[in-house]
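The structure under discussion appears below in the form of structure tokens.
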Amino acid sequence: MTNLPAYTRSQLALRNGQDKPQIWVAYEGKIYDVTQSRLWLNGKHYEHWAGQDLTEELAAAPHTADVFSRFNVIGILK
């Protein structure tokens, strides 16, 4: 995971499924591309929105952090 680009929260926020075609979420400092996931259509997954850090929200999710292993890490959150 070395040499991954770093993105600000503002840059992440633009990848919300509305402003740009990419759909990204962050978790524990890593940014994941969830664009191809049918569960993230239009940047929304249940009550969660893409383009933000979901680290704190995952505590209330019905699944574990292992769900992120399905997605590519494309950057780190500054």
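How many of the residues making up the range 22-62 are at positive phi and either surrounded by fewer than 17 Cβ atoms within 10 Å (Cβ to Cβ) or of a type in the set (Asp, Glu) (or both)?
Filtering the range 22-62 for residues at positive phi gives 28-29, 42-43, 46, 51.
Next, only the ones that are either surrounded by fewer than 17 Cβ atoms within 10 Å (Cβ to Cβ) or of a type in the set (Asp, Glu) (or both) stay: 28-29, 42, 46.
Total satisfying the criteria: 4.
Please find, among Leu12, Leu4, the residue that is assigned to a loop (DSSP other than H, G, I, E, B), closer than 21 Å to Val67 by Cβ, in contact with a Gly (Cβ under 7 Å, 6 or more places away or on another chain) and not basic (Lys, Arg).
Working: Leu12 fails: assigned to a loop (DSSP other than H, G, I, E, B).
Being assigned to a loop (DSSP other than H, G, I, E, B), closer than 21 Å to Val67 by Cβ, in contact with a Gly (Cβ under 7 Å, 6 or more places away or on another chain) and not basic (Lys, Arg) holds for just one of Leu12, Leu4, which is Leu4.
For residues that are over 11 Å from Ile74 (Cα atoms) and in contact with a Lys or Arg (Cβ under 6 Å, 6 or more places away or on another chain), scanning just the range 1-21, find the one that is most open to solvent (accessible area, probe 1.4 Å).
Leu14
The values are calculated or read from the model by the stated rules, or taken from the named source; none is laboratory data. For clarity, every value in this text was computed on a predicted model and none was experimentally measured. Backbone-built Cβ (ideal geometry, glycine too); neighbour counts: all protein chains shown. We work out accessible area using only protein heavy atoms, side chains counted, and drop any ligands, DNA or RNA first. Shrake-Rupley method; radii C 1.70, N 1.55, O 1.52, S 1.80 Å.
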